[in-house]
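Please read the structure below before turning to the comments.
The values are calculated or read from the model by the stated rules, or taken from the named source; none is laboratory data. Quick caveat, the model's predicted, so the values are computed rather than measured. Don't worry about glycine lacking a Cβ; one is built from the backbone with ideal geometry, like all the others, and counts go over all protein chains shown. Surface areas here come from the heavy atoms of the whole protein model, side chains and all, with no ligands, DNA or RNA. Shrake-Rupley method; radii C 1.70, N 1.55, O 1.52, S 1.80 Å.
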Amino acid sequence: MPDVVFPCLDEAGALPQVLPRLPAGYRAIVADNGSTDGSAQIALDLGATVVTVPQRGFGAAAHAGLEAATADVVCFCDADASMDPAQLPRVAGPVLAGEADLVLGRRRPTRRSAWPVHARVANTALGLMLRRRTGRSLHDLGPMRAGRREALLALGITDRRFGYPLEMVTRAADAGWRIVEVDVDYAPRAEGTKSKVTGTVLGTLRTIRDMREVLAR
């Protein structure tokens with residue numbers, strides 16, 4: 001069964017909602033990126049494997065979780081309760097069945113408030129740039145995603161900031177991987193938590209900067 005990497009920075013308010021919803025047999029790896037709110041201990045108490053990641057950055061946390069995984073198939077999921085881990089089999093299924101090499105969860109907001117306008121516009125623009133760059137019919141960077149561990153490591157992803165998810169897709173496309181999208185729900189974050197990406201216009205702009213650097217390579 002798959003391992004699931006949860007990059008985590010101060011998600012104490014969300015983890016009790018997220019981790020209990022993992023499907024049976026899926027193992028949680030919480031890659032803690034310097035939380036100061038007790039997230040790591042909460043994750044441990046809920047049965048997750050916790051990896052401490054001193055290097056700051058979303059990509060640093062995601063990659064450390066990938067390196068710590070032992071399952072053949074590894075999923076990634078945000079730890080803020082915006083995505084439902086119970087839907088992970090939708091994403092992991094095609095990889096487990098040998099029908100796809102990388103599966104991206106295309107976010108479908110359950111409420112308008114789940115996806116701020118500035119973030120939605122930015123995602124649309126990035127989707128267009130991604131299609132131009134890869135020639136693939138992709139619409140979302142899909143924070144919930146799945147692939148095979150050894151193949152993902154072999155991609156040689158170097159970004160350790162917000163460009164990590166995009167570089168995974170561009171390198172996979174360049175390698176001729178079968179990349180597919182499946183719909184997943186996208187809900188408002190858990191109360192008491194704040195997005196490092198879409199929570200502010202500045203955070204969104206920083207993410208676009210990191211991703212433009214990836215696309216320019």
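In this entry, Val5 passes the filter for residues that are of a type outside the set (S, T, N, Q) and touching a Phe, Trp or Tyr at 6+ places or on another chain (Cβ under 7 Å). For the stretch 105-149, taking the residues that are open to solvent by 80 Å² or more (accessible area, probe 1.4 Å), outside any helix (DSSP H, G or I) and at pLDDT below 90, the one that is nearest to Met83 (Cα to Cα) is identified as Arg111.
For Val30, indicate whether it is at pLDDT 95 or above and either in contact with a Phe, Trp or Tyr (Cβ under 8 Å, 6 or more places away or on another chain) or not in a loop (DSSP other than H, G, I, E, B) (or both). For Val30, the condition - at pLDDT 95 or above and either in contact with a Phe, Trp or Tyr (Cβ under 8 Å, 6 or more places away or on another chain) or not in a loop (DSSP other than H, G, I, E, B) (or both) - is met. Right, Ala62: assigned to a loop (DSSP other than H, G, I, E, B), touching a helix residue (DSSP H, G or I) at 6+ places or on another chain (Cβ under 6 Å) and among the aliphatic types (A, V, I, L, M) or not? Taking the combined requirement at face value, the residue does not satisfy it.
Per the conditions (1) surrounded by fewer than 19 Cβ atoms within 10 Å (Cβ to Cβ); (2) assigned to a loop (DSSP other than H, G, I, E, B), the sole criterion not satisfied by Ala86 is (2). Return yes or no: is Ala61 open to solvent by less than 10 Å² (accessible area, probe 1.4 Å) and in contact with a Gly (Cβ under 8 Å, 6 or more places away or on another chain)? The answer is no for Ala61. Filtering the stretch 154-183 to residues that are surrounded by 15 or more Cβ atoms within 10 Å (Cβ to Cβ), out of contact with any Ser or Thr (no Cβ under 8 Å at 6 or more places or on another chain) and part of a helix (DSSP H, G or I) leaves Tyr164, Pro165, Leu166, Met168, Arg171, Ala172. When the stretch 150-163 is filtered for residues that are within 15 Å of the chain's Cα centre (by Cα) and either of a type outside the set (Phe, Trp, Tyr) or modelled with pLDDT of 95 or more (or both), the ones remaining, listed by number, are Leu152, Ile157, Asp159, Arg160, Arg161, Gly163. Quick check: anything in the stretch 51-58 more than 24 Å from Val169 (Cβ to Cβ) and surrounded by fewer than 23 Cβ atoms within 10 Å (Cβ to Cβ)? Checking the stretch 51-58: at least one residue is more than 24 Å from Val169 (Cβ to Cβ) and surrounded by fewer than 23 Cβ atoms within 10 Å (Cβ to Cβ). None of Ala71, Ala81, Ala24 is part of a loop (DSSP other than H, G, I, E, B), of a type outside the set (Asp, Glu) and open to solvent by 50 Å² or more (accessible area, probe 1.4 Å) except Ala24. For Ala100, the stated conditions hold: it is closer than 26 Å to Leu138 by Cβ, crowded, with 20+ Cβ neighbours inside 10 Å and at pLDDT 95 or above.
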